[in-house]
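Asker: For reference, the structure I am asking about is given below.
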Amino acid sequence: MQWVRERCIEVIGQIDQVVEGTQDIYGSIYDKLPMLEEEIQLTSKEVDILLDFFLHSDAVDTNQANEDALHLSQVLHKVFAEVSIVSEHMADETEFKRIMERFLAKEDNSQISVRDLMKIIPIIKNKISDIELISMNAIIYSSRLGEEGRAFEVISDHIMGISNKVAEYYDDMEIYATDLEQWNDDFTKSLDQIIHYHRTLTSEQLQNFQSMHEKVFESLKTIRDLLHNIIMNLQNSVEPVQHLMGQIQIQDIIQQSLENLNKIIRDVCNKIDEDAGKANLSKEDELNMLTFNYQGLALAVRLIIDIEGRLVESLTDIEKTVIESKTKIDELLEEGSLMVDLLSGERQGNKNVIQLIFEDVDKFLFDFQVELTNICKETDELASVEISFMKHMRGIEKMVMKIEKAMNQLSKLNLFSRIELARINARDSSSFVNEINNISEAVIKEVKDNEEFVARLRVQLEQDLQTFQEVLGSNRTSIQEMLVLVDTSLSQMDIIRTLVMQAIQPIGYSGKNMATEIGNIERKINQRYALHEIIEEIKVNLMELEGEIETKYQAALDKHQISHWENQSPELMELLNRLTTHYERTVAKLTWEDTSLDIGEDGGELTLF
């Protein structure tokens, strides 16, 4: 049995060589094929996109065109249509003008304005000057009273303090008012700028857009038909290569079968080693071993014959496909090189057709994007205008309230003055007290009126600002939508340009690369003849081993005077379980018809068990 074992080891090595050989042949195809297929598909897709890019309706209206198409005419048409729709949703220019006129107080005489506020500020200042006069008179009057008027001197100091505070409050209020006036001027100027951008955007640019749209259609007509034939030929050339990818899938099954065959032969070797270690074999052990080895080698012979048939058929089919592919690719090379020269701009110092088409389109979209960015910037700056407005208005209101509070304190001091002067029975005190009373009442009334005016002005301007913010917000949304549209269009233009340039130029050299690789694959397939020789040696060795074991098996039957022996051990079933493909199990079923073995269903060649 040692001879049998050594021959089995030799066969295992030969099968390993076949596995390596199939991996080399199929692997060379598989290593290159995905790249080739990807290159072919990419080239085909890019040329197809080129065809779609230049394919257009003679009419400007392309509403019926494929929405998913990515060609220049549709990109521009879509942008034009959507920008027009968005533009229609933007507030009318007159709405901005109306708001601006309200801030300028030009629309209605019944409306109050920031300018009206600036007119009443000097009136308040005049009243505050009267308070300063009272404070000076109070100091003079207290000095006349001498020791007797020390208490009144304290009151006069408070009056002076109030006068100083009110003057300080007025100064602050005047600053806020001046800032508010400046804010109002800046705001109306910004509104005017918004109106200018709005007019440019909704009329001039859209007209330019329409003109560009029509111009592009004329440019596209000159080259769209050039791409039709080449895409048909390109698609025709890739069919055999794509078919080749499906054909090499059988390699996994063939390799699996070879590896399973090796496992079966190793099981035979292991059985020989196992029984060789026993001192004396029983009748059952001897016959079980010989039966197992005979059945295993008989199966191995039929498996290698089946594998050889599948391998020969597979490589023959692949060879036919490779030859077909090479023929079609050669045809593509001739036409592809002409297309490259025509459209890719190989002529030194000259712009190609694609560059000329894109040049005007890019410039227009870029200029349009700049216009949108400018108006968006202006809009963003105006979006926070309410914050500065409220700061100035609240500042004025706060100062008015402080002045009013000071006037209330002055009224209290007036009461204290009346009491103190009555106590000391000062002469002419009533006239002085009346002076304080009259001035404080006049200031308080003026301040209250102004407080009401400021409150009404704030409410009115807040409402106008709210209306403005709503209009501005709506327009800002529309502008952002247009920016996105234009940005998307620029991106699409970049994609199209890249695809155009990258697709046209590779048509020629991608075909050359494919032809080169197909030639390499063809040379690899020729290595199959060496594999056939190794497989023939494997068949011879396995048949000799089968014959040797059959002779020993028959001798053992004669020795024990029996005609047949059924292997009682489960080892044979374990051997069959190593078969993992439909092909192998079909061979096993045909070899041992009485064996219960699931071979799968028809069409389940790739089913693994």
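Asker: Closer than 30 Å to Asn374 by Cβ, modelled with pLDDT of 80 or more, surrounded by 14 or more Cβ atoms within 10 Å (Cβ to Cβ) and more than 36 Å from the chain's Cα centre (by Cα), is that true of Asp185?
Answerer: Details: closer than 30 Å to Asn374 by Cβ: yes; modelled with pLDDT of 80 or more: yes; surrounded by 14 or more Cβ atoms within 10 Å (Cβ to Cβ): no; more than 36 Å from the chain's Cα centre (by Cα): yes.
When the stated conditions are applied, Asp185 does not pass them.
Asker: Let me ask something else about it. Taking region 1-40, which residues are at pLDDT below 75, assigned to a helix (DSSP H, G or I) and surrounded by 15 or more Cβ atoms within 10 Å (Cβ to Cβ)?
Answerer: Lys32, Leu33, Leu36, Glu37, Glu39, Ile40
Asker: What residue, of Gly473, Gly511, is farther than 30 Å from Ile387 by Cα and either in contact with a Cys (Cβ under 8 Å, 6 or more places away or on another chain) or at pLDDT below 75 (or both)? Let's see the steps before the verdict.
Answerer: Values: Gly473 fails: farther than 30 Å from Ile387 by Cα.
The conditions single out Gly511.
Asker: If you go through region 531-545, how many residues are touching a residue at least 40 places away in the same chain (Cβ under 8 Å) and either of a type in the set (Lys, Arg) or out of contact with any helix residue (DSSP H, G or I) (no Cβ under 9 Å at 6 or more places or on another chain) (or both)?
Answerer: The total comes to 1.
Asker: Where the second residue is modelled with pLDDT under 75 and loosely packed, with under 14 Cβ neighbours inside 10 Å and the first is at negative phi and lies in region 474-501, which pairs have Cβ atoms under 8 Å and are six or more apart or on separate chains?
Answerer: What qualifies is Ser474/His89; Arg476/Asp380; Arg476/Ala383; Ser478/His89.
Results for (1) farther than 18 Å from Ile15 by Cβ; (2) modelled with pLDDT under 90; (3) part of a helix (DSSP H, G or I), shown as yes or no for each residue.
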site: Val268; (1), (2), (3): no, yes, yes
site: Thr291; (1), (2), (3): yes, yes, yes
site: Val312; (1), (2), (3): no, no, yes
site: Asp317; (1), (2), (3): yes, no, yes
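Asker: On to the next question. Which pairs do you get when a residue that is of a type in the set (Phe, Trp, Tyr), found in region 546-559, comes within reach of a residue that is surrounded by 13 or more Cβ atoms within 10 Å (Cβ to Cβ) and part of a helix (DSSP H, G or I), reach meaning Cβ atoms under 9 angstrom, with the pair 6+ apart or on two chains?
Answerer: Pairs found: Tyr553/Leu287; Tyr553/Leu290; Tyr553/Thr291; Tyr553/Asn293; Tyr553/Tyr294.
Asker: Also: Would you mention how many residues in region 479-508 are more than 18 Å from Ser237 (Cα to Cα), modelled with pLDDT under 70 and not aliphatic (A, V, I, L, M)?
Answerer: Total meeting the criteria: 3.
Asker: Here is a follow-up. Within region 273-289, which residues are assigned to a helix (DSSP H, G or I) and surrounded by fewer than 20 Cβ atoms within 10 Å (Cβ to Cβ)?
Answerer: Result: Asp273, Glu274, Asp275, Ala276, Lys283, Glu284, Asp285, Glu286.
Asker: Please name all residue pairs, on different chains or six or more residues apart, with Cβ atoms under 9 Å, provided the first residue is in region 233-250 and is farther than 18 Å from Glu522 by Cβ and at pLDDT 80 or above and the second residue is among the polar types (S, T, N, Q) and surrounded by fewer than 21 Cβ atoms within 10 Å (Cβ to Cβ).
Answerer: none
Residue-by-condition table, conditions (1) surrounded by fewer than 18 Cβ atoms within 10 Å (Cβ to Cβ); (2) closer than 24 Å to Ile518 by Cα; (3) out of contact with any Lys or Arg (no Cβ under 7 Å at 6 or more places or on another chain):
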site: Thr291; (1), (2), (3): no, no, yes
site: Gln295; (1), (2), (3): no, no, yes
site: Leu299; (1), (2), (3): no, no, yes
site: Leu303; (1), (2), (3): no, no, yes
site: Gly309; (1), (2), (3): yes, no, yes
site: Ser314; (1), (2), (3): no, yes, yes
site: Lys320; (1), (2), (3): yes, yes, yes
site: Glu324; (1), (2), (3): yes, yes, yes
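The values are calculated or read from the model by the stated rules, or taken from the named source; none is laboratory data. Computed from a prediction, not measured in an experiment: that's the story for all the values here. Note that we place each Cβ from the backbone using ideal geometry, even for glycine, and neighbour counts take in every protein chain shown.
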